[in-house]
Amino acid sequence: MSRTLEYAIINTPYLGEIDFSQICETSLNTLRYKLDDTQFIIKWDEGHLPTFIEDGSVTPFVTMNHEQALELMATSAWTPTDPDGE
Amino acid sequence: MALGTKLGIVASSGVAAASFENDYSIAFDGTDDYANGTANFTTWNGLANVSFNVWFKRDNVTRNEMLMSQYGTGGNNFYIYCVGNARLDVYLGGGVRYRHTGTTFANNTWYNLGFSYDGSQGTSANRPSLYLNGGSRLAGTFGGPTALGTYTSDFQMSGRDGATLEMAGNLDEISIWTSTLTEANHNAIYNSGTPLDISALGISGLAHWWRGGDNNGGTGTTMSDAVGSYSINYFNDNTAFEADVPT
C-alpha cells in the first residue's frame, strides 16, 4: 500500500466516541470486529492522530503499525479458520 | 512495481485493434479493506455452466483470507478461500466445490487462478475444475450439483460479508463467465504470465471483467465492469488501485 497508516485496537464500548471523519473507516457497519465483538480496529494516516485519542476520549487497547496489525488480524481471535465448518 | 503491460492486439483481419494496457490492480491491506458492488449479483443464479478467472498476489501466504465472495440472503453462494499456505477452497452454490492442497505459494507473487463449472456432467466429481497458472486441472476433492441456486447478495472482493477474512494483497483482471471454460481457455488467459485482452480471445460467455482500475484511470473508488454492467462501486476504508500488476 502506498499510504503509511497507523492502526489501533479499540474496545467496543468506545464505539460512540469514534469520529469517522478522522479515520479511514466510514461507519460502524464497515468496521472489522474481533470475533467476540469486544474490540474493533481503526486506522489513520501516519502523523494524524485522531483528536478523540489525543484528548483521551478514547484510550486504545493497543496501537500498531501495518505489520503488527496484520499479525494480530491473523490470529484465531480475529480470523476463523473454517468459517463454515466445511 | 510500477511496470505496466502494453500489448498491441492485432485482429484476425490484420487491422490493429485498440491497444491493451494493464497498469493497475486493486489492493487490500489485510485489516479491513474490501470492495463490493452495491447491487445484488445475479449473473450466475440458476446456471449450470459458469467460470471465473482471477490474478491474485498475497502479501503473506500464511494468512487465512478470502479473495472474493458472494454472501447474503440465502447464505454463501461463492468464495475463494485461502487457508494459510495449505489449502485453497472454491465454494459455489451452497458448498465447497473444489478443495486443493499441495501447492506451496510464495509471498508477493502473482498467480492466475481459473475455475470452471459444468453441471451437465453426469458425474458430480467431473463438474468443477480448478487451474493454476494455466496448467492442468489441479488435484483435490471436488463435486457439485447440476445447477447453481438463486442468491440475493452482492459480489465482494477481499473478505466476506463486509469486514471479515479480508486479504492482504492484490487482485487483477477478474472475470466471470457464463460458460464452462476449458483448460486451454484458462491457459490462453494465463498467457505465460502476462495478462491480455481476454475479450479478444474468442471465448464465449464473458459476462463481467473488472480490470483493477485500468478502465478507471487508476483512481477513484469504483471499479467499472469492462463488459457487463455490474460495477464494484463501494471501496471500504483504504481500498485503492495500485500500480502493481502481473508481468
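The values are calculated or read from the model by the stated rules, or taken from the named source; none is laboratory data. Nothing here was measured: the structure is a model prediction, and the numbers come from that model. Neighbour counts run over all protein chains shown; Cβ positions are idealised from the backbone, glycine included. When the accessible area is computed, the model is the full protein with side chains, heavy atoms only, and any ligands, DNA or RNA have been set aside. Shrake-Rupley method; radii C 1.70, N 1.55, O 1.52, S 1.80 Å.
The rows are residues; the columns are (1) touching a helix residue (DSSP H, G or I) at 6+ places or on another chain (Cβ under 8 Å); (2) over 20 Å from residue B:162 (Cβ atoms).
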{"position": "B:49", "(1), (2)": "no, yes"}
{"position": "B:57", "(1), (2)": "no, yes"}
{"position": "B:69", "(1), (2)": "no, no"}
{"position": "B:76", "(1), (2)": "no, no"}
{"position": "B:90", "(1), (2)": "no, yes"}
{"position": "B:97", "(1), (2)": "no, yes"}
{"position": "B:105", "(1), (2)": "no, yes"}
{"position": "B:112", "(1), (2)": "yes, yes"}
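Mind listing whichever residues of the range A:58-70 are open to solvent by 50 Å² or more (accessible area, probe 1.4 Å) and more than 9 Å from chain B (Cβ to nearest Cβ)? Please lay out each step first, then the result.
Kept after step one, since they are open to solvent by 50 Å² or more (accessible area, probe 1.4 Å), are these residues of the range A:58-70: A:59, A:61-63, A:65-68.
Listed by number, the residues that qualify are A:59, A:61, A:62, A:63, A:65, A:67, A:68.
How many residues are out of contact with any helix residue (DSSP H, G or I) (no Cβ under 6 Å at 6 or more places or on another chain), over 20 Å from residue B:243 (Cα atoms) and part of a loop (DSSP other than H, G, I, E, B) if we restrict to the range B:167-208? Adding up the residues that qualify gives 8. State whether one or more residues within the range A:75-85 are in a helix (DSSP H, G or I) and in contact with a strand residue (DSSP E or B) (Cβ under 9 Å, 6 or more places away or on another chain). Looking through the range A:75-85, none of the residues is in a helix (DSSP H, G or I) and in contact with a strand residue (DSSP E or B) (Cβ under 9 Å, 6 or more places away or on another chain). Filtered by the rule that a residue be within 25 Å of residue B:160 (Cα to Cα), within 13 Å of another protein chain (Cβ to nearest Cβ), assigned to a loop (DSSP other than H, G, I, E, B) and open to solvent by 20 Å² or more (accessible area, probe 1.4 Å), the range A:31-57 gives A:34, A:35, A:37. If the condition is being within 16 Å of the chain's Cα centre (by Cα) and either among the hydroxyl-bearing types (Ser, Thr, Tyr) or open to solvent by 30 Å² or more (accessible area, probe 1.4 Å) (or both), then the range B:110-144 contributes B:110, B:111, B:116, B:117, B:129, B:131, B:133. Pairs linking a residue in the range A:68-82 that is touching a residue at least 40 places away in the same chain (Cβ under 8 Å) to a residue that is of a type in the set (Phe, Trp, Tyr), with Cβ atoms under 9 Å and 6 or more positions apart or on different chains, are A:68/A:7; A:69/A:7; A:72/A:7; A:72/A:78; A:78/A:33.
Any residue in the range B:209-220 that is in a loop (DSSP other than H, G, I, E, B), on the phi > 0 side of the Ramachandran plot and in contact with a Leu (Cβ under 8 Å, 6 or more places away or on another chain)? Yes, because at least one residue in the range B:209-220 is in a loop (DSSP other than H, G, I, E, B), on the phi > 0 side of the Ramachandran plot and in contact with a Leu (Cβ under 8 Å, 6 or more places away or on another chain).
Looking at residue B:134, is it part of a loop (DSSP other than H, G, I, E, B), away from chain A (no Cβ under 14 Å) and touching a residue at least 24 places away in the same chain (Cβ under 8 Å)?
Numbers: part of a loop (DSSP other than H, G, I, E, B): yes; away from chain A (no Cβ under 14 Å): yes; touching a residue at least 24 places away in the same chain (Cβ under 8 Å): yes.
The answer is yes for residue B:134.
Here residue A:83 fits the description: surrounded by 13 or more Cβ atoms within 10 Å (Cβ to Cβ), more than 13 Å from the chain's Cα centre (by Cα) and more than 17 Å from residue B:238 (Cβ to Cβ). Filtered by the rule that a residue be more than 14 Å from chain A (Cβ to nearest Cβ), open to solvent by less than 10 Å² (accessible area, probe 1.4 Å) and closer than 20 Å to residue B:93 by Cβ, the range B:150-185 gives B:153, B:155, B:157, B:174, B:175, B:176, B:177, B:181.
The strands (runs of 3 or more DSSP E) found entirely in the range B:72-117 that carry 3 or more residues being hydrophobic (A, V, I, L, M, F, W, C) are B:75-83, B:87-92.
Mind listing whichever residues of the range B:82-109 are open to solvent by 20 Å² or more (accessible area, probe 1.4 Å) and small (Gly, Ala, Ser)? The answer is B:86, B:94, B:102, B:106.
Filtering the range A:1-30 to residues that are facing chain B (nearest Cβ under 10 Å) and either touching a residue at least 40 places away in the same chain (Cβ under 8 Å) or more than 23 Å from residue B:171 (Cα to Cα) (or both) leaves A:1, A:3, A:5, A:7, A:23, A:27, A:29. Residues in the range B:209-232 that are open to solvent by 10 Å² or more (accessible area, probe 1.4 Å), away from every other protein chain (no Cβ under 14 Å) and within 14 Å of residue B:157 (Cα to Cα): B:209, B:211, B:222, B:224, B:225, B:230, B:231. Across the range A:6-30, the number of residues qualifying as open to solvent by less than 60 Å² (accessible area, probe 1.4 Å), at pLDDT 95 or above and either within 20 Å of residue B:221 (Cα to Cα) or in a strand (DSSP E or B) (or both) comes to 8.
Taken over the range B:59-78, the criterion of being open to solvent by 30 Å² or more (accessible area, probe 1.4 Å) and under 15 Å from residue B:171 (Cβ atoms) is satisfied by B:59 alone.
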